[in-house]
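To start, the structure itself, in structure tokens.
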Amino acid sequence: MKAQAGMGTLILFIALILVSSMVVAVIIDTTNLFAGEIKEKAKVSEERVTTSLKIVSVSGSVSGSGLDTLYIVVEPLQGTINISSMVIELVMEGGDASYLTYSSTGVYEEGHFTVSTWIRMRKPSTRPVPFIEEGDMVELSIEFNTVQNQQKLGPDSILTMVFFVEGGIDKKIELKTPSVYPSSGSVVLYP
């Protein structure tokens, strides 16, 4: 009788181990499935979060009593940035915001910025312009007298610029122009 009870307990114990191992196998398979999806989504999220511009420098061209053209040197920190989908918001102290989009013609138009110079392009033959990626550097140009009818940027002015990057982090900088401009030439505004 004791032997039968022991055999029954042993059979239940073995069955419990078999069922537990099947449950563990299902949990491991499910975990592996989700782990692959999580890694893929994390990579896409990381690219979106880290896609941003680095503003290398901002300078302006002086004519008369103010700056009439801004030259902004930018490079991506990581990821690929489509310049044609980028929007630049300009707010002069006491003025309304202007929103500028990319002009592919290279000609200044009202409400647009252009790429005036490709300073560095890491892999020029492998992608279309106006996409820039890590390692590239371009100079963007904005002409003030055509930007939403705004006037030249005078001395002691504050200009706020926000670069809206599609699928990435927006970049905001604030510039203050010098108290006195040279009679002609250029002025460094940032950094």
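Please treat every number below as a calculation from the coordinates, not as lab data. Because the structure is a prediction, the values reported are computed rather than measured.
Worth a mention:
- Working note: Karplus 6.51/-1.76/1.60 with θ = phi - 60° gives the stretch 16-31 the couplings 4, 5, 5, 5, 4, 5, 5, 5, 4, 4, 5, 5, 5, 4, 5, 4 Hz, where Gly and Pro are set to x.
- Calculated SAXS-style log₁₀ I(q)/I(0) at q = 0.16, 0.19 Å⁻¹ - the stretch 52-190, Debye, Cα scatterers: -0.80, -1.11
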